[in-house]
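> One structure coming up, written as structure tokens, with questions to follow.
The values are calculated or read from the model by the stated rules, or taken from the named source; none is laboratory data. No experiment lies behind these values; they were computed from the predicted model shown. All Cβ positions, even for glycine, are placed from backbone atoms using ideal geometry, and neighbour counts span all protein chains on display. Heads up: the accessible areas ignore ligands, DNA and RNA and are worked out on the full protein's heavy atoms, side chains in. Shrake-Rupley method; radii C 1.70, N 1.55, O 1.52, S 1.80 Å.
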Amino acid sequence: MAADGAINTGTAYQPHVLREYALLADGERGALVGPHGDITWMCAPRWDSDAVFSTLIGGGGVYAVTPADERHVWGGHYEPGGLIWRSRWITSDGVVECREALAFPGDPDRVVLLRRIIAARGPARVRVLLKPQARFGRDGSDDLKQHDNGAWTGRTGPLRWRWTGAGGAHDRGDVLAAELTVPAGNHHDLVLELAEKELPDDLPDAGREWAATEAAWARGRPDLAGSIAPRDAHHAWAVLRGLTSIGGGMVAAATMSLPERADAGRNYDYRYAWIRDQSYAGLAAAAVGATDLLNGAVAFITQRLLADGPQLKPAYTVDGGPVPAEQRLQLPGYPGGADKIGNWVNQQFQLDAFGESLQLLAAAARKGQLDTDAERAVHTAVDAIERRWTDDDAGIWELGDRQWTQSRLACVAGLRAIAGAGAAGVDVTRCTSLADTILARTARTSLHPDGHWLRQPGQDGTDASLLLPPVRGALPADDPRTVATLHAVRRELSRDFYVYRFRHDQRDLGAAEGAFLLCGFMMALAEHHQGDAVRAVRYFERNRAACGPAGLLSEEFDVTQRQLRGNLPQAFVHALLLECAGRLTGGGL
């Protein structure tokens with residue numbers, strides 16, 4: 001606390017290791033909750049808006065519910081089948097919980113953040129702080145006012161906000177602070193609303209908001225009882241659903257600028273919808289019968305294909321707009337990272353996006369889920385592949401324009417999948433012939449003498465991403481190239497059932513970067529494709545365990561330090577976890 005009685009929120013809540021954060025999400029935006037009950041990250045009103053709480057990367061804003069007893073230990077869990085989180089603290093004389101959620105499904109124009117303080121054992125004494133700061137902390141909270149009904153209102157940058165349930169809070173130098181005591185066995189609700197437009201006149205009813213949120217999560221929940229890991233499968237579905245906007249666009253991650261490796265300069269903004277990631281999520285949804293996610297993915301990709309055709313971008317905003325160019329914010333960043341906003345991805349061409357889009361549309365066709373627009377999108381994707389498959393592209397890892405083998409095999413898989421899906425109007429002969437041509441040319445240029453696929457022509461070394469096209473139908477499981485590539489990845493890129501993308505240089509794999517959890521799940525699917533159930537399950541179990549109490553997975557896992565690296569949560573990792581959970585039992589497509 002400062003000498004004048006003001007509260008220094010900049011030093012009160014410092015970043016934690018990523019495994020200690022939980023995600024709240026409603027489809028339109030997401031928030032990370034830290035172990036001290038602080039909302040350390042939230043963009044408002046949309047995924048790609050500026051953050052209003054950004055202490056995660058050294059910005060401003062705080063909203064914290066923390067036990068008053070300094071001696072406490074933290075834990076927490078999600079309620080089954082949704083993103084309703086319960087922070088839980090054991091104190092010297094009781095147990096305090098804070099039930100937390102973004103009202104679901106989210107309103108694109110208005111954030112409703114629900115927090116319910118629960119006296120689980122003994123009375124709950126908590127300290128509460130609120131200081132919204134728009135534009136990553138550059139704007140303070142102005143026009144603070146308490147109304148006759150007890151609600152507080154204010155503005156920060158372009159955002160209006162209202163806070164109910166904290167009538168006893170005091171203004172402590174543009175921070176609202178309160179100390180609450182909830183009697184044993186009771187609860188107390190706090191509701192924070194934020195919007196760029198005028199907020200509705202009526203105050204929110206916390207009980208109704210909670211009931212509606214619970215019911216909405218329950219309505220969409222697929223039946224995953226037959227999966228290999230029902231609890232984690234439901235959680236993966238909830239993460240993907242929470243990252244998916246009303247129009248079907250799914251952000252690749254809820255956060256930005258979290259380093260994949262400390263001091264390596266790899267920090268990206270993933271608050272946008274990648275075509276590849278969206279396809280992976282839709283394919284996982286098709287495998288487990290999650291109709292909402294499947295339909296959303298098909299709708300979003302259909303619209304993008306019809307709008308942009310062969311000029312399809314690798315990524316878009318969730319409403320289909322262009323991704324802004326990368327820039328710096330002049331913030332400290334997460335420790336070891338930077339503060340990059342935006343992404344250069346739209347300057348790239350990624351050929352595999354067309355192949356993966358066709359794989360998704362084929363899966364939807366097999367379930368009778370293609371409308372006339374989606375059927376038109378199929379033809380657009382086939383035309384684009386035919387026109388552009390010889391072009392250099394940036395590939396799945398976005399490393400520079402080359403003749404990446406994975407991109408071409410992904411197109412082979414997509415063409416074969418749509419040829420066999422029974423979709424109306426598909427020229428089966430054309431698709432099959434084009435797939436054969438691409439495969440033959442790629443085999444002439446990109447095979448190692450021992451028979452495994454090379455990453456690109458003339459470059460030694462394989463790539464874990466090459467495991468997936470055969471699973472998707474590019475090649476049979478018993479094709480010698482499929483078998484040789486699996487052996488090569490096991491030998492060169494797998495350690496202790498974690499898998500690395502590719503070998504950067506002669507250093508140990510873990511010295512160059514973390515294990516890629518996506519690739520670990522790819523390996524599980526590839527082993528299953530080969531009929532090796534034991535190995536498949538070992539890879540699945542190893543990689544799904546690389547998380548913290550909230551069960552969230554990032555892109556990379558530092559095996560030595562057992563730490564998550566990169567943006568959190570990473571959607572395509574949860575998509576492959578969900579697909580594995582459905583397929584490793586023998587179910588799915």
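> Can you find a residue that is under 20 Å from Ala536 (Cα atoms) and in contact (Cβ under 8 Å) with a residue 60 or more places away in the chain anywhere in the range 476-494?
The answer is no; no qualifying residue exists.
> When the range 304-346 is examined, which residues are found to be closer than 28 Å to Gly34 by Cβ and hydroxyl-bearing (Ser, Thr, Tyr)?
Within the range 304-346, Thr317, Tyr334 meet the criteria.
> Working only within the range 300-319, note down all residues that are open to solvent by less than 20 Å² (accessible area, probe 1.4 Å), among the small types (Gly, Ala, Ser) and outside any strand (DSSP E or B).
Matches in the range 300-319: Gly309 only.
> I'd like to check something: does the range 278-299 contain any residue that is free of Cβ contacts under 8 Å to residues at least 24 places away in the same chain and either in a loop (DSSP other than H, G, I, E, B) or open to solvent by 10 Å² or more (accessible area, probe 1.4 Å) (or both)?
no
> Another question about this same structure. Where in the range 42-135 are the strands (runs of 3 or more DSSP E), entirely inside, with at least 3 residues that are crowded, with 20+ Cβ neighbours inside 10 Å and in contact with a Ser or Thr (Cβ under 8 Å, 6 or more places away or on another chain)?
Correct list: 62-67, 95-102, 124-131.
> Any idea which of Asp392, Asp352 is farther than 30 Å from Pro15 by Cβ and more than 26 Å from the chain's Cα centre (by Cα)?
The match here is Asp392.
> Considering only the range 544-585, state which residues are of a type in the set (Gly, Ala, Ser) and under 14 Å from Ala524 (Cβ atoms).
Listed by number, the residues that qualify are Ala545, Ala546, Ala575, Ala581, Gly582.
> Separate question: Within the range 498-520, which residues are assigned to a loop (DSSP other than H, G, I, E, B) and closer than 22 Å to Trp453 by Cβ?
Tyr500, Arg501, Phe502, Arg503, His504, Asp505, Gln506, Glu513
> Suppose the filter is open to solvent by 50 Å² or more (accessible area, probe 1.4 Å) and either in contact with a Lys or Arg (Cβ under 8 Å, 6 or more places away or on another chain) or of a type in the set (S, T, N, Q) (or both); does Gln350 pass it?
no
> Looking only at the range 26-34, decide whether some residue is assigned to a loop (DSSP other than H, G, I, E, B), open to solvent by 20 Å² or more (accessible area, probe 1.4 Å), at pLDDT 95 or above and in contact with a strand residue (DSSP E or B) (Cβ under 7 Å, 6 or more places away or on another chain).
Taking every residue of the range 26-34 in turn, none turns out to be assigned to a loop (DSSP other than H, G, I, E, B), open to solvent by 20 Å² or more (accessible area, probe 1.4 Å), at pLDDT 95 or above and in contact with a strand residue (DSSP E or B) (Cβ under 7 Å, 6 or more places away or on another chain).
> If you don't mind, another one. If you check Leu329 against the conditions, is it in contact with a strand residue (DSSP E or B) (Cβ under 9 Å, 6 or more places away or on another chain), buried (at least 22 other Cβ atoms within 10 Å of the Cβ) and modelled with pLDDT under 95?
Yes: the conditions hold for Leu329.
> Take the residues in the range 381-401 that are in a loop (DSSP other than H, G, I, E, B), of a type outside the set (A, V, I, L, M, F, W, C) and closer than 20 Å to Gly458 by Cβ, then tell me which one is least open to solvent (accessible area, probe 1.4 Å).
Step by step, filter the range 381-401, then rank; the result is Gly395.
> Quick one: how many residues across the range 192-227 are closer than 28 Å to Leu576 by Cβ and either among the small types (Gly, Ala, Ser) or at pLDDT below 95 (or both)?
Residues in the range 192-227 being closer than 28 Å to Leu576 by Cβ and either among the small types (Gly, Ala, Ser) or at pLDDT below 95 (or both): 11 in total.
> Starting from the range 181-207, keep only residues that are free of Cβ contacts under 8 Å to residues at least 60 places away in the same chain and at negative phi, then list their pairs with residues that are open to solvent by 60 Å² or more (accessible area, probe 1.4 Å) and not in a loop (DSSP other than H, G, I, E, B) whose Cβ atoms are within a distance under 7 Å, requiring at least 6 positions of separation or different chains.
Every condition considered, the pairs that remain are Thr181/Arg125.
> Let me ask you something else. What tally of residues in the range 209-247 results from selecting those that are in a helix (DSSP H, G or I) and without any contact (Cβ under 8 Å) to a residue 12 or more places away in the chain?
The qualifying residues number 3.
> When you scan the range 402-460, how many residues do you find that are farther than 13 Å from Arg481 by Cα, of a type in the set (Gly, Ala, Ser) and part of a loop (DSSP other than H, G, I, E, B)?
Here the count works out to 7.
> A further question follows. Taking the stated definitions as given, is Asp143 more than 29 Å from the chain's Cα centre (by Cα), modelled with pLDDT under 95 and surrounded by fewer than 15 Cβ atoms within 10 Å (Cβ to Cβ)?
yes
> Determine which single condition Gln14 fails, assuming it passes every other condition in (1) more than 20 Å from the chain's Cα centre (by Cα); (2) at pLDDT below 95; (3) under 23 Å from Glu209 (Cα atoms).
Among (1) more than 20 Å from the chain's Cα centre (by Cα); (2) at pLDDT below 95; (3) under 23 Å from Glu209 (Cα atoms), Gln14 violates only (3).
> Condition check: touching a residue at least 24 places away in the same chain (Cβ under 8 Å) and closer than 21 Å to Ala225 by Cα. Does Ala536 satisfy that?
Yes, satisfied.
> Can you name every residue in the range 548-568 that is touching a residue at least 24 places away in the same chain (Cβ under 8 Å) and out of contact with any Phe, Trp or Tyr (no Cβ under 9 Å at 6 or more places or on another chain)?
Within the range 548-568, Leu553, Ser554, Asp558, Thr560 meet the criteria.
> Check the range 174-187 and report whether any residue there is open to solvent by 30 Å² or more (accessible area, probe 1.4 Å), within 15 Å of Gly61 (Cβ to Cβ), of a type in the set (Gly, Ala, Ser) and not in a strand (DSSP E or B).
no
> Another question about this same structure. Of all the residues that make up the range 534-584, how many are open to solvent by 20 Å² or more (accessible area, probe 1.4 Å) and aliphatic (A, V, I, L, M)?
Going through the range 534-584 one residue at a time, the tally reaches 5.
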